[in-house]
Amino acid sequence: MACRNTTYHRPQSIAEACQIAGEYGIRGRFLAGGTELLIDLDSGRDRADQLISLRDVPDLCEIRIEAGELRIGALATLSAIATAPDVVRALPALREAILTMGGQQIRNRATIGGNFCRAVPCADTPPLCIAAGARLEIVGATGARTLPAADFFVGPRQTVLDRSEILTEIRIPVPPAHSGASYQRFSLRHGMAVAVAAVAAVLQLDGDEITSARVVLSAVAPVPLLVGECTDLLVGRKPVPDLFAEAGTIAAAAAQPITDLRGSAEFRRELLAVLTPRALNEAAARAKGEAA
Amino acid sequence: MTADRDSSQENGGGSGLPSGAGETHGVGRTNRDDEPNQTGMSRRGFLKTVGLGTAAVATVAGTSAPAAEPAVAITPEEMAKITLVVNDRQRRLLVEPRWSLLFVLREKLGLNAAKEGCERGECGACTVLIDEQPRYACLTLAVEAEGHRITTLEGLMQGEELGDVQHAFAEHDGLQCGFCTPGQIVAAEGLLRANAAVTLDEIRTGLSGNLCRCGAYPNIFRAVEHAAQRRQTGGKS
């Protein structure tokens, strides 16, 4: 059974949670949904003997639109996010990204904060959040800070958080008119399989010209990869399939994929050359109001 | 068939409660709940309880806990007194912090329908409803389930009668060996409670968190489709 010799803490506030985590340092882990943490502790991949449950910490599950931002509490479950009317309206691609994850049992338990903080390279929620320009609200024992989501990841299973810090909220600017987003992902099965490669794209158009573009790759680098060269290529140009194919070539070159049991590095680059144009085409169609 | 057998075992006469359930104190106060209580607390359970009492005293004295915070901390040597609401009955238990909900349901409450399969959130055999949503009991710590409504396959029975999804599985042969069946049925139940108007594709993806090594999928999907249709037309409960 999971977590032998583990002490279980149940703080009642963020301050208390940060204090406990600060006290135990490397021995402590925050427990949110637990769908990764408990497995990792059980298998020995992760080691910690102080579990700090966030279940009683108030106000971490809210999903709402405020001040032009879609604000998602870090403890909101994936299901809650995928079915939240504000998300469906403002950023349907986030719902689609989430529905590729696990099965219903996992989505009903796992949280977006956990998906960020476990920092697995193939995580499905960070790429789209990064592409959409999300900022992260972080609270720690010594104070609070805000960070662009793009700066959050340091390496596989590593983030910028120090041991006392909690990711409390993900704030995504509500996409303006004439913008569109898409998440395209390849996995070996349709359900219960992690991404072999995935691409998030967010485009904004002014008439027939791309005014802003962000392409983020997943599962093909140690961290979600924002490809600046794609932005450079796309901005100021017409949103046509040839251009998007060229962006795919650039994305494939920018990636740093590894070979593992799900696919070779070469295969992953091939996937990017297909998934990137697919994501850009859908994002452009949505920006034009053509597709659902 | 197996689902049927499992449920009747557990629902009938409280025979499923193991001797170790001395830590179970029924609050609902039926005979079934009282029985194991009266047969005496196990030595282990008693020692654990005493151990907890000592720890509590130490905390009050301010010697062991880092600070007199309202935060609860349970060390591996201690047991926590929690109340779980399982199938609409309150169950008071002493649990170790590391125990999964699945372990407590099966080994402490004698509810054996939820199965121990992979124990790592992949096979779905342990699926239960927590606040109406299907979740893996193997990936839920019992202490974390406190304060939430838990429904197991046993709770889908209408007395001695099968629930409608169970009926549909029996009618359509939605099983072969039956090991995954309780999980499949509870997952389907959660799916239909969220939305009874499901398409075949939604059933397929909805049940993707439940594996069937026998490969009874076509019949499982047919059974769920049928149960969904009946619910939409109000044919059965």
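Tabulated data for the structure shown
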item	result
The protein assembly as shown: antiparallel DSSP beta bridges as a percent of all, rounded to 5	90 percent
Label point at A:THR146 placed 7 Å out along Cα→Cβ; residues across the range A:164-190 whose backbone nitrogen lies under 20 Å	A:165-176
Extension gain, A:ASP49 back to A:ARG64 (0.36 nm per residue minus Cα-Cα distance, nm)	1.9 nm
Among A:ALA141, A:ALA76, A:ALA219, residue whose mean-square fluctuation peaks in a GNM of chain A (springs only between Cα atoms under 10 Å)	A:ALA141
Rg/Rg_ref, the range A:170-211, where Rg_ref = 2.2 N^0.38 Å and atoms are Cα	1.57
Mean separation of Cα contacts under 8 Å (6+ apart) over length of the range A:216-292, as relative contact order %	30 percent
Reciprocal mean inverse distance between Cα atoms of the range A:179-287 - Kirkwood radius, Å	13.6 Å
Proximal charge balance of A:LEU225 [Cβ under 14 Å; K/R count +1, D/E count -1]	+1
Directionally averaged projected area (convex hull, Cα atoms, chain A), nm²	14.5 nm²
Qualifying trypsin sites (Lys or Arg not before Pro) in the range A:1-93, DSSP loop, other Cβ atoms within 10 Å at most 13	A:ARG4, A:ARG45, A:ARG47
Calculated on alpha-carbon atoms, Rg and Dmax of the range A:123-195 in Å	14.7, 44
Size of the range A:7-50 as Cα extents on the principal axes (Å, biggest first)	30, 19, 13
R0 of 35 Å, Cβ-Cβ distance A:ASP86-A:ASN5: FRET efficiency to nearest 0.05	0.25
GluC sites (Glu not before Pro) lying in DSSP loop within the range B:77-182, provided at most 11 other Cβ fall within 10 Å	B:GLU160
Equivalent ellipsoid semi-axes, the range B:157-237, via Cα gyration tensor eigenvalues times 5, rooted, Å	18, 15, 11
0 to 90° range, to nearest 10: angle between helix A:265-287 axis and chain A longest Cα axis	70 degrees
Calculated SAXS-style log₁₀ I(q)/I(0) at q = 0.10, 0.11, 0.14, 0.20 Å⁻¹ - the range A:63-173, Debye, Cα scatterers	-0.25, -0.31, -0.50, -1.06
Length-normalised contact order for the range A:7-50 - Cα pairs under 8 Å, 6+ apart - percent	42 percent
Percentage of interatomic Cα-Cα distances in the range A:1-112 larger than 26 Å	28 percent
For the protein assembly as shown, the fraction of alpha-carbon pairs in successive 10 Å shells from zero, as %	4, 18, 25, 25, 18, 8, 2, 0
Global size of the range B:85-237 as Cα Rg and Dmax, reported in angstrom	14.8, 46
Relative contact order (%) - the range A:66-211, alpha-carbon pairs under 8 angstrom, separation at least six	27 percent
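Each reported figure results from applying straightforward, stated rules to the coordinates on display, with no laboratory input. Please read all numbers here as calculations on a predicted model, not as lab measurements. Quick reminder, even Gly has a Cβ in these numbers, built from the backbone with ideal geometry, and neighbours come from all protein chains shown.
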